[in-house]
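Quick notes on the structure that follows.
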Ligand SMILES: *Cc1c(COP(=O)(O)O)cnc(C)c1O
């Protein structure tokens, strides 16, 4: 007789829905028998990987029979120099997803609560539920973070508050004064996780910068990634910066070799590749303007965004438009999982990719 494995599973895991990644180009082409499709669904860097990183990966190929440096000494050194941090305050992760998971496992249990916005990264509820903690979701009229509501939701059980800044899936951001006022109100035994996956794209906007707030708020944890502006999503590497006692705790459950040698070498190299970063930000700025102009011509409106994607309000079922765009070979992201049924999230691509998206959108909306 078949065993009921579902019943065997830990109750927290049993009730989880898995993360839905953006559809890969290969999967779409296999399913529809089409070619030349483009993916603007996962906020990846449209420039392709930085040449400096590829060269660094080449150099470590001969060492792949060895375990990576568990402590990530060189990358931490590079981060230290770049941002004026202390290495004892840095935790490296297999992408920043790994770090979010480590933070939840370190500080949450079945008696505690984590607060996050219903319009913020879906990984926060995932890592919270996986450890059996209670997730407290706050709403926001502008699809970002209502800091008043988040502060009001704090109880004696609250251990973590997750904030994405700039936010995913909407691109909205919190200003320095807004976030500093909030942090001043959060009790010191509640940790605030500031997820800055898109901080490099911020440009000249007044968007809070976690690393400069860190010295004033010991209960702050800042996470960043090499997956977006640094163009290394496939290698999986990110970092968290926090008080060294917090860092020591995270290190206790971190898998000993959680960041591989190629990722370590590539991230170290790209950190001093100012030219690549400048180009990433530049192409993004131009693409954002190009898309906004195109949307306007279609009488559509996107939310304000400081990131490398735009969230478009359609005023009609986004799932249908998403499906039709797939048939045009354009993969974007519907946001039903966030309760945003009339919004599509569109990663900013190269000029050509943006043009293809706009043409496909025009065609799809006309029918
Ligand atoms: C893309 C993204 C990340 C990055 O995840 P990695 O695991 O570093 O690739 C983290 N947080 C948010 C909000 C993101 O959008």
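Laboratory data are not the source of any read-out in this text; all were calculated from the coordinates shown. Computed from a predicted model, the values in this text were never measured in an experiment. Note that we place each Cβ from the backbone using ideal geometry, even for glycine, and neighbour counts take in every protein chain shown.
Under the criterion of Cα pairs below 8 Å and six or more residues apart, the relative contact order for the chain equals 23 percent.
Does the range 120-200 come out rounded, prolate or oblate, given a ≥ b ≥ c as the square roots of the eigenvalues of its C-alpha gyration tensor, rounded meaning a/c under 1.5 and, failing that, prolate meaning a/b above b/c? Taking the square roots of the gyration eigenvalues as a ≥ b ≥ c, the range 120-200 is oblate. Counted by neighbouring Cβ atoms within 10 Å, the residues 47, 183, 8, 99 run from fewest to most as 8, 47, 183, 99. In this simple spin-label model, placing a label point 7 Å from the Cα along the Cα-to-Cβ direction at both residue 286 and residue 352 gives a separation of 1.4 nm.
With a ≥ b ≥ c taken as the square roots of the eigenvalues of the C-alpha gyration tensor of the range 8-98, please select rounded if a/c is under 1.5 and otherwise prolate if a/b is larger than b/c or oblate if it is not? Verdict is oblate for the range 8-98. Taking 17 Å as the cut-off, the amide N atoms of the range 262-280 that come nearer than this to a point 7 Å along the Cα-to-beta-carbon line of residue 47 belong to 266-280. Of 207, 3, the sequence from fewest to most neighbouring Cβ atoms within 10 angstrom is 3, 207. Cβ-to-Cβ counts within 10 Å put 245, 175, 76 in ascending order as 245, 175, 76, the fewest first.
Highest average first, the peptides 354-360, 276-282 ordered by how many other beta carbon atoms sit within 10 Å of their residues are 354-360, 276-282. For the pair the range 120-191 / the range 308-367, the C-alpha centres are spaced 27 Å from each other. Taking all Cα pairs closer than 8 Å and separated by 6 or more residues, the relative contact order of the range 1-131 comes to 27 percent. Spin-label pair residue 177-residue 337: with each label point 7 Å from Cα along the Cα-Cβ axis, the two points sit 3.7 nm from one another.
The label-point distance for residue 313 and residue 86, in a model that sets each label 7 Å from Cα toward Cβ, rounds to 4.7 nm. With an a/c value under 1.5 for the gyration tensor axes a ≥ b ≥ c computed over the alpha-carbon atoms, the chain is described as rounded. Computed extension gain for residue 111 through residue 359, at 0.36 nm per residue and net of the alpha carbon distance, reaches 84.2 nm. Using the Cβ-Cβ distance between residue 320 and residue 148 with R0 set to 35 Å, the FRET efficiency works out to roughly 0.50.
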